[in-house]
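This report concerns only the one structure given below.
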Amino acid sequence: DTAVSQTPKYLVTQMGNDKSIKCEQNLGHDTMYWYKQDSKKFLKIMFSYNNKELIINETVPNRFSPKSPDKAHLNLHINSLELGDSAVYFCASSQERGGGDAEQFFGPGTRLTVL
Amino acid sequence: GENVEQHPSTLSVQEGDSAVIKCTYSDSASNYFPWYKQELGKRPQLIIDIRSNVGEKKDQRIAVTLNKTAKHFSLHITETQPEDSAVYFCAPERGSYIPTFGRGTSLIVHP
């Protein structure tokens, strides 16, 4: 009965490859997020997706693209991977109550290593 | 966008001591003030939150206080235990769907 799940847990790949990370939530939440956590533990929001509206952090390179087939899924596609993309990527979800003021439920994280 | 700062970045205490972590924010429209705990190798999890119409909230050994005028809120942990060792993040929100997390405070509780 996992609330927010991600696959894969670990991902090791070569520079220049394209990869995807999948995220699913079974909480019935209407907003999902992707975060990047670097080696210094800094949690940076990359995207949020609410009721088919995508909100992008403008500092995220366009090599990163989120795709939401339905309300319960938000996948992350990364093209032309670079060494600096190595990090832990967390998916999260929340049930917004008229303005983003809700607890975030995080997935277990995907550790991406680019060689 | 929201400018969020957490202090200190590292906090080392003896078991049984109290710990206080402060979070300052810039957006006066922020109305939700959560604290998340991330243990080593695990996901961040909410431990306590407060909304703008409340000045203080307590849950057993942890409490959060809010000063909206000064735009800061603090996490208080009393009678610290080794299992409190973790990284703590604040993430004030105003409903923009772009949460901004502080840079984290690494709390180390020595037995």
Notebook entry, point to check: Hey, what's the Cα Rg ratio for chain A versus the globular rule of thumb, 2.2 N^0.38 Å?
Noted result: 1.01
Next item on the list: Rounded to whole Å and ordered largest first, report the semi-axes of the equivalent ellipsoid of the protein assembly as shown derived from its Cα gyration tensor (root of 5λ).
Entry: 30, 21, 16
Item checked: Centre separation in Å (Cα based) which lies between the stretch A:41-115 and the stretch B:8-55 -> 22
Notebook entry, point to check: From a point 7 Å beyond the Cα of B:HIS76 in the direction of its Cβ, which residues of the stretch B:1-35 have a backbone N at a distance under 15 Å?
Noted result: B:17-23
Next item on the list: Among B:LEU75, B:LEU66, B:LEU11, determine the one that fluctuates most according to a GNM of chain B built with springs between C-alpha atoms less than 10 Å apart.
Entry: B:LEU11
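For the stretch A:7-94, what is the charge dipole size about the Cα centre, in debye to the nearest 20, if Lys and Arg each add +1 at the Cβ and Asp and Glu each add -1 at the Cβ?
Working: 11 positive and 9 negative charges, 39 e Å.
Taking the Cα centre of the stretch A:7-94 as origin, the dipole is about 180 debye.
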Checklist line | Ratio of the Cα radius of gyration of the stretch B:13-101 to 2.2 N^0.38 Å, where N counts its residues | finding: 1.08
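Say R0 is 30 Å: what FRET efficiency, to the nearest 0.05, do A:SER20 and B:SER28 get from their beta-carbon distance?
On the way: r = 39 Å, r/R0 = 1.31.
That pair, A:SER20 with B:SER28, gives E of 0.15.
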Note to self: Against the 2.2 N^0.38 Å scaling, with N counting residues, where does the stretch B:58-111 land? I'd like the Cα-based Rg ratio to two decimal places.
What the structure shows: 1.32
Next item on the list: Could you calculate the FRET efficiency of B:GLU5 with B:HIS110 from 1/(1 + (r/R0)^6), where r is the beta carbon distance between them and R0 is 25 Å, rounded to 0.05?
Entry: 0.45
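Mind checking the full-extension length gain between A:ASP70 and A:GLU103? Use 0.36 nm per residue of separation minus the Cα-Cα distance, one decimal, nm.
Using 0.36 nm per residue and subtracting the Cα-Cα distance, I get 9.8 nm.
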Next item on the list: Using only the Cα atoms of the stretch A:50-115, each taken as one equal point scatterer with no solvent, compute I(q) by the Debye sum, divide by I(0), and report log10 of the ratio at q = 0.24, 0.27 Å⁻¹.
Entry: -1.30, -1.43
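Throughout, read-outs are computed from the coordinates displayed, never taken from laboratory work. Here the structure is a predicted model, which means the values were calculated and not measured. When we count neighbours, we look across all protein chains shown, and the Cβ atoms used for this are built from the backbone with ideal geometry, even at glycine.
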